[in-house]
Structures are given as C-alpha cells and as structure tokens.
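Here's the structure we're looking at; comments come further down.
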C-alpha cells in the first residue's frame, strides 16, 4: 500500500477524537449538587460521553437546561430521601458526590452548629449516598465483570494543606479523604474504585459569592478578585470544566487501575 500523505490518517488509524468519544457509553451515573458549578460541569461532561446521568440538587430549578439528564430534587442531608432516591434509580456504575459547603472562620468563630452542619453536609452526605448506592454498584460490577467508580469532591484545603479561616471546612475535607481511602480499601477486590478530587480555587457561583462578600471589606469586587488570583501560582483560578475532565477520567474505564487516591487539581496551590 502506498504511503499516505503526511498528516492524513489511514483507515486503520483511529483519531484521538474518535477514540475518546463515548467513554461512558452504557454506564449509569449519579451526580449530586449538579445544579451549578463543578457538579453541573461534571453532569454535562458525563452526558456528552454517553452516560445515563441522574442529576440532583436541593433546588431542582437549578437543573433546568441540563439537557438529556434525569433531574430530581434531593436533600443529601436526609437519610430517608437518599435511600428512596437510590431505590428509585436502582443499580448504577458511577457515583459522584459533589454537595458541600464552605464555612469561613477559625475555631474561635466556629459554633457547634456550624461544625455539625459542615460535617453533615460535607461528609455524612457522602456516607448516606455511598451506603445507599453501593450494594447496587457491587451487584452491577459483578454482573457486568466491570468496575464501579465513586468520586468524592474533597479540597486542597484538607489534610493536604491548611488554609486560613477554613477550620471546619478543612476538617471536613480531610475527613472526605479518609472516607475515600477506607471505601477504596474495603472494596478493592469487589470491583469498586473510590477516589477523591481535591480542587483549589475554582470559578463557580459559590466562589463568586465569596468574592462579593470579601469585596465588601476589601475595597470592591475587583480588588477581592485580585486578592484571590494573587494567591494562585498559575495566576488564575480554575474552571469547573477542568475539574469535570478529571472526574470523567476517574469515572471511565481508562482509570481502572486507580483507586484510593486524593488528587490535587489546583494550579500548583498545594506545591
């Protein structure tokens, strides 16, 4: 056969675009807090790669416009609601725990109510969803001879690095890493992988709200934005789509040898 012109793929060459398409085809995924920010970007990425996506949020209206996803209201702080949701959906392949809350303050500015709420939403919600969905994930993994994937959103502000005024938040996100490693170890021989994503500062409605709050005492929103960006080694904050790309890798079969990890994705903040 004559050599093909340089740069022209022959019939037996698969382009990267073709090879990477449909990475989650045939898989069923659940994504919490999918109404905005990182959760929505993950749900959109999963839909684009062929997964059947069950997207939930406490405020269902935030899910509007999320095309081809099966949308539901879900309070992840309610054990009864989570169990009912899992029973309704049935066995799944992928569980992504995104729901969380950023408390601002030192130990002296953290009440017991703040502490309890932070742990209930940031950690116990993951306990609820994993406990509810894992039996079905185990059964599906055994039936299909494949692996199930749990992806938990932690943070660089955790056991990885201390951050100022993030006492309760850092403690909860450290707990998420411990939870992730425990699940990974317990089910490593049963076809279940569990990994944690540890973002740095990422552009999202939640972060934009914090910028506005800081701007009230820092001389305006632009000044507050400069303060956030100045702390970033790359000179910018992250984008939700960049976090979604990592979640997609961890959810897909290409990461079948990856479990129990806590992966920073923070533009070098934790270096």
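Among residues of the stretch 211-223 being within 13 Å of residue 104 (Cβ to Cβ) and surrounded by 15 or more Cβ atoms within 10 Å (Cβ to Cβ), the one that is modelled with the lowest pLDDT is 214. If I filter the stretch 96-103 for residues that are surrounded by fewer than 22 Cβ atoms within 10 Å (Cβ to Cβ), more than 20 Å from residue 213 (Cα to Cα) and touching a residue at least 24 places away in the same chain (Cβ under 8 Å), do I get at least one hit? The answer is no, given that none of the residues of the stretch 96-103 is surrounded by fewer than 22 Cβ atoms within 10 Å (Cβ to Cβ), more than 20 Å from residue 213 (Cα to Cα) and touching a residue at least 24 places away in the same chain (Cβ under 8 Å). Taking the stretch 91-105 as the range and being touching a strand residue (DSSP E or B) at 6+ places or on another chain (Cβ under 9 Å), assigned to a loop (DSSP other than H, G, I, E, B) and more than 30 Å from residue 142 (Cβ to Cβ) as the test, the residues that pass are 100, 102, 103, 104. Residue count for the stretch 144-159, restricted to those that are surrounded by fewer than 20 Cβ atoms within 10 Å (Cβ to Cβ) and either modelled with pLDDT of 95 or more or assigned to a strand (DSSP E or B) (or both): 1. Residues in the stretch 240-271 that are free of Cβ contacts under 8 Å to residues at least 60 places away in the same chain, closer than 21 Å to residue 163 by Cβ and touching a helix residue (DSSP H, G or I) at 6+ places or on another chain (Cβ under 9 Å): 242 only. Contact map, the stretch 203-224: residues that are on the phi < 0 side of the Ramachandran plot paired with residues that are part of a loop (DSSP other than H, G, I, E, B) and surrounded by 16 or more Cβ atoms within 10 Å (Cβ to Cβ), Cβ distance under 6 Å, separation 6+ or inter-chain. Pairs shown: 203/237; 205/36.
The values are calculated or read from the model by the stated rules, or taken from the named source; none is laboratory data. Note that this is a predicted model, so its numbers are computed, not measured. Because the Cβ atoms are built from the backbone with ideal geometry, glycine has one as well, and the counts that use them run over all protein chains shown.
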